[in-house]
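In what follows, a structure is listed as structure tokens, so that the remarks can point back to it.
The values are calculated or read from the model by the stated rules, or taken from the named source; none is laboratory data. Owing to the predicted nature of the structure, the values given are computational and were not obtained by experimental measurement. All Cβ positions, even for glycine, are placed from backbone atoms using ideal geometry, and neighbour counts span all protein chains on display.
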Amino acid sequence: MAILGNSSDAVVDVALADSNPLMLSALSEFFDRDKRFSLVATSSTAEGFLEAVLRVPVTAGVIDWTLPMLGAEKLLEVLRAQASPPRIVVYSHSGGADIPRQAMAAGAAGFCARSEAPAKLLDIVASVAGGQMVFPFLDVRELNRDPRHSLTKREHALLTALAKGHTNKELATEFGITVNTVKFHLRNLFDKLSVRNRAQAIAFYYSSNAGSATSVIDMESDS
């Protein structure tokens, strides 16, 4: 994590987080060159970004969806609970509508695909800092109606495996993670589905026909 300096009232204070050091360096240059922005902090992790913006509040942030450890989705949820959180733009490979939808559900204010020109990202951040929401077209009615749309690929996979009756130990073995990590993901899954335990989660899975729309996905392929 690097704290780069104090902000100016005349420009938009920005913090960046990207796990790729080359991308982080390139993004830093783009924002440094644009007089609309003051680059306050950069980080390669979600934890570093969170620490930075809690120490030095910023107006806007740009984060990679594949941030390690805490992860972008959980970072957004933590920021959303703060009194005056920065408005966040997720900058990532689009992944169809899934990632923009998940980012919106988690509390992001905008999304920009990495395939877009850097100028597009800068304009989106400026718009978001001004109070706008900037996303590719999403059916927001569908997003609000079905909690499955807020699940990550990892959580979809976990729900599918959970519905097979696997224990936490069996889930840990299947996905190559620890039992404690399984418990962490299950808590997030239950929160998103508004259920209290695995039995209710399984009931949701079958009652919502999730089995016909979800397949087991290797957890290592997801952020």
Query raised in the report: Name the residues in the stretch 51-107 that are in contact (Cβ under 8 Å) with a residue 60 or more places away in the chain and not small (Gly, Ala, Ser), would you?
Result: Thr59, Val62, Trp65, Thr66, Leu67, Glu73, Lys74, Pro86, Tyr91
Report summary line: Within the stretch 95-139, residues being modelled with pLDDT under 85 and over 25 Å from Ala83 (Cα atoms) number 9
Query - Test: Glu73 is surrounded by 24 or more Cβ atoms within 10 Å (Cβ to Cβ) and of a type in the set (D, E, K, R) - result: yes
Requested in this report: Consider Asn180 carefully, then state whether it is among the polar types (S, T, N, Q), outside any strand (DSSP E or B), at pLDDT 85 or above and not assigned by TED's automatic domain parsing to the domain that holds Arg33.
Outcome: yes
Query raised in the report: Given the conditions (1) in contact with a strand residue (DSSP E or B) (Cβ under 6 Å, 6 or more places away or on another chain); (2) closer than 23 Å to Phe184 by Cβ, which single one is not true for Arg87?
Result: (2)
Query raised in the report: What number of residues within the stretch 15-35 are among the acidic types (Asp, Glu) and either within 22 Å of the chain's Cα centre (by Cα) or not assigned by TED's automatic domain parsing to the domain that holds Leu50 (or both)?
Result: 1
Report summary line: Here the residues within the stretch 151-170 that are part of a helix (DSSP H, G or I) and under 18 Å from Ala203 (Cβ atoms) are Glu155, His156, Leu158, Leu159, Thr160, Ala161, Leu162
